[in-house]
Amino acid sequence: MGHGCELGFTDSTLQFDYLFVMAILRINAVQPKTITRRYSMEISKGSAIQVGPVQVEFKGSASGIRRTGSTIFLPAGPDFDGFHLLAGGTQFVAHYRVRPAWDRAQTYFGGMDESPFLTALTEVPYKALLDGGEKAFFDSLKPDAIKTLQATYPASCVQRQGDIWSINIPHNWEHICNQMFPNYKSLRKRRRQLLRDSSSQVDVLDTNHRIQGRYYFRGRTEFIRVGETRLQGIALGEGILTAPDHAPAILTNEPHVIAQTPHILPQSRWAGFD
């Protein structure tokens, strides 16, 4: 992939300029409507909505949220608050009302990327969706480090593989060791780690993505400097990035900063709606 490209949230689109569709669907009709609380109650147990190649089925309020293959199961009932179609109808956001002292996720993002997916989000992307539309929603899911580097190096190429982003930076590894790490006391150790190639695959940012090649990550609190900006919670890598259900991403020729999509909640926070 050449420089100056950016991969968005669907295979066929290169930027976050999707047509915004905010819709709530009746049980037996699929015409989009402006979302209101009145319409949100019309989706009930037994409803099904086709979102691209993904089937979204609404079960009883005690059903857990989950994905099985290309079918996503969501609870219906009084907690259900709205359903938004995104990316030309191939992705969606479902939202549930908060309960007192409830620490479960309220926002669920799913549909079709390279393969069917479902994840839980914090309320930040959902607020961005309501306030600024679809473009603002997707922009909230882009790591700040990637935004900063994209503005600093506009000719660089942004890639995304699921929830992992990368961008090449026009410096060699020695420049990164000497100029971009603020803590020089451990420079020699860092240089040895950075310049060492690995023939085996290692996990990237504690996810199921793996890289074969050069990789450096010392924890979410360490940072590098780009100008006056601190980039924290990132990794550095060069090589081949792989992940289940995703095409390999080739991070070659120069160092890449790697970052994870923000605002994703672990599956332990998914709601059961008992």
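Where a number appears in this text, it was derived from the coordinates with a stated rule and is not lab data. None of the values given here were measured: they were computed from a predicted structure. We place every Cβ from the backbone using ideal geometry, glycine too, and count neighbours over all the protein chains shown.
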Worksheet item: Arranged from highest to lowest average of other beta-carbon atoms within 10 Å per residue, in what order do the peptides 163-174, 201-212 appear?
Response: 163-174, 201-212
Practice prompt. Assuming a ≥ b ≥ c are the square roots of the Cα gyration tensor eigenvalues, decide whether the range 144-260 counts as rounded (a/c under 1.5), prolate (otherwise, with a/b larger than b/c) or oblate.
Written response: oblate
Item to complete: Please tell me which of these pairs span more than 32 angstrom C-alpha to C-alpha: LYS45/LYS147; LYS59/LYS127; LYS45/LYS127; LYS59/LYS135?
Response: LYS45/LYS147
Practice prompt. Return the sequence-ordered ³J(HN,Hα) values of the range 164-169 in whole Hz as given by the Karplus equation 6.51 cos²θ - 1.76 cosθ + 1.60 applied to θ = phi - 60°, using x for Gly and Pro.
Written response: 10, 10, 8, 8, 6, 10
